[in-house]
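Here the structure comes first, spelled out in C-alpha cells, and everything after it is commentary.
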Amino acid sequence: MKLAKSLLTLSVLAMASSAVMACENANVEAYAHPTMFNSSAVETQASRGVYLVGDKMLAAANEAIQGKENVLIDAAPALRSEMAHALSQALGLKTPATNKYTYKDVAGHKLQSHIYKALAANVMIGYPDKKFRPDQKITKAEVFATLAQLLTNEPKNTVVGKLANKYEMKEIPAWATAPTVKVMEAGILDNLPDLQSVANDKYLTTEQLQKLVVTLSHSQYYNKDFLADCANTSTVRVKIKERVDARHINIGETVYAETVEAATVNGTEFAAGSKVIGEVVEVARPGIKNPGYVKVKFNTIKNGKVSADFPTVSRAAVKEAKTTNFVARILATPVSAIGRVGGTAARTISTEAMNISNDGERYADNWSNAIANTFSLQPMAGLRNVGKSFVTLGYFVADTAKLAVSGTFGVLYELGDEVRYVILPSSINDSALNPGDELSIIYKK
C-alpha cells in the first residue's frame, strides 16, 4: 500500500506552469454519471460540437472568413505532441539515457522521441491516468504556462492586458494569468502571425506555436540554465491533515498538510510541523472504468509568522498510505449516498430537458433551412435539410433511450459505490488523500 498511489495518480502541482498540467477543460468538474456510456450530463449535446448546456456554441475554430467575421473555419489548433516537438527542436533538448516513462499512448507515436525529450527535460508532463494525450489540442493558456517557466523577466502587471497594446487578450483562465502576463511582457508574442487571432482564440495554430517557441529560444529573457536547474531539487515530507478525494471534493477547496521534517524553501528554514497550504484545482469524478483524479496545488508553507511561496513541484510519491476508519465511513456514507444519488437523478432529468430543447430547436432549424433553400431555387439542398430533420429526430430518440438506461444504471452504481467504500475503502485510495497520508514531494530549490 505504501506506493499504491504512484506518481501522478494524484497530480501534485506547485504552479500551473510546471509543464502543461491542466487539461483542456481544466477547472471544470467532470462528473462521471450517467455512467454507462462514460458520458457527462453537461457533455451529451456537446459531443456533436454544436450545443452545450442548452445554449448554442460555435465549434472550436480560430479563423474568420474575411467579410464574414462570424463565420469561422477550423484552423488546425496545435496539439500537445506538436508542443513537445517545437520545444525539442527549438531548445535542443537531449535524448534521455533511459526511458522512465510509461505513458501508454506515446510508444509508437510519430513524435515519440520529441515527447520523451520534453518529458525528460521536465518542461512537459503527462496526466494522472497514465496518458500523455499527444493528439489533444493544447490551449494557448497551457502553452503560456509552459513557456513562462523558461523566462527570466519579472512581470510588472498582475492583470492580462492588451497584446501588442492593441488586442485584448481573451480565453485566459485565472490560473494562467501570471504566466500569460510574463510571456506577454517578454515580447515574444508580438511578431506572431495574425495577432488578433492570438488574442481572441483559445488555441494557437501550429505555425504560431512553432514561431513562438523559436522566438523564445532567441529572447534575451530565455533561461538557458533552466534545464540544468531542473536537477537542482530538494525533497520534503508532508503529512496530509484532511481527506481529499475525487468523489466528494470540489474545486477551490483548501488542502492542509504539515511537514514531518525540516525543509528549506526559498532560502528560509522551516521546522518539522510547519503548515503547508494548498488548494484543489481540478476534479474528475470516478465512474465505470474511470478511477477519477484530483489535482492539488501547494501554494504556501508557514511556521508562525514566517511564510514562503511553495516552489515548483517536480513530482510526488506516497511514502505511507492511510485508510479512513470504519466508524467515519459508516457515519459519512448515508449523507454522501443521498447527495450522489440525488445528483445523478437530477442531472439525468435536466439532461433530458436539454435534449428536448436542443433537438427541438435543431429540428425546427432543419425545416427552416429546408424551406429557405427550396424557395431559393436549391431544391437538393432543401431535400438534404429535410433528411437532416429525420436524423435529428433519430438522435433525440437515441439520446432519450440512452439517457434512461444510463441514468437508471448511474443511480444503482452510486449506491453500489457507496457500499464498496464502506467495505473496501482502499479501492478508491488511488484518487484520494486521507488524513495521515505521508507524501514525499520533490521540488525545485
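The values are calculated or read from the model by the stated rules, or taken from the named source; none is laboratory data. For clarity, every value in this text was computed on a predicted model and none was experimentally measured. Cβ: placed from backbone, ideal geometry, glycine included. Neighbour counts: every protein chain shown. To get the accessible areas, we keep the full protein, side chains included, count just its heavy atoms, and leave off ligands, DNA and RNA. Shrake-Rupley method; radii C 1.70, N 1.55, O 1.52, S 1.80 Å.
Data for the structure
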item	result
Loop-resident sites, the stretch 241-345, for trypsin sites (Lys or Arg not before Pro), counting at most 13 other Cβ within 10 Å (DSSP)	Lys289, Lys305
Val236, Val159, ranked by accessible area, largest first (probe 1.4 Å)	Val159, Val236
For the stretch 388-445, alpha-carbon Rg and Dmax in angstrom	21.0, 62
Summed side-chain charge close to Val386 - residues other than Val386 whose Cβ falls under 14 Å, Lys, Arg +1, Asp, Glu -1	+2
Alpha-carbon Debye profile of the stretch 307-359, log10 I(q)/I(0) at 0.28 Å⁻¹	-1.06
Residue-count net charge about Met169 - beta-carbon cut-off 10 Å; Lys, Arg +1, Asp, Glu -1	+1
Summed side-chain charge close to Met184 - residues other than Met184 whose Cβ falls under 14 Å, Lys, Arg +1, Asp, Glu -1	+1
Surface share of carbon and sulfur [accessible, 1.4 angstrom probe, percent] for the stretch 326-391	77 percent
Probe 1.4 Å, accessible area per residue of the stretch 338-431, Å²	54 Å²
Pair Lys166, Leu195: separation of 7 Å Cα→Cβ label points (nm)	0.5 nm
Length-normalised contact order for the stretch 310-429 - Cα pairs under 8 Å, 6+ apart - percent	36 percent
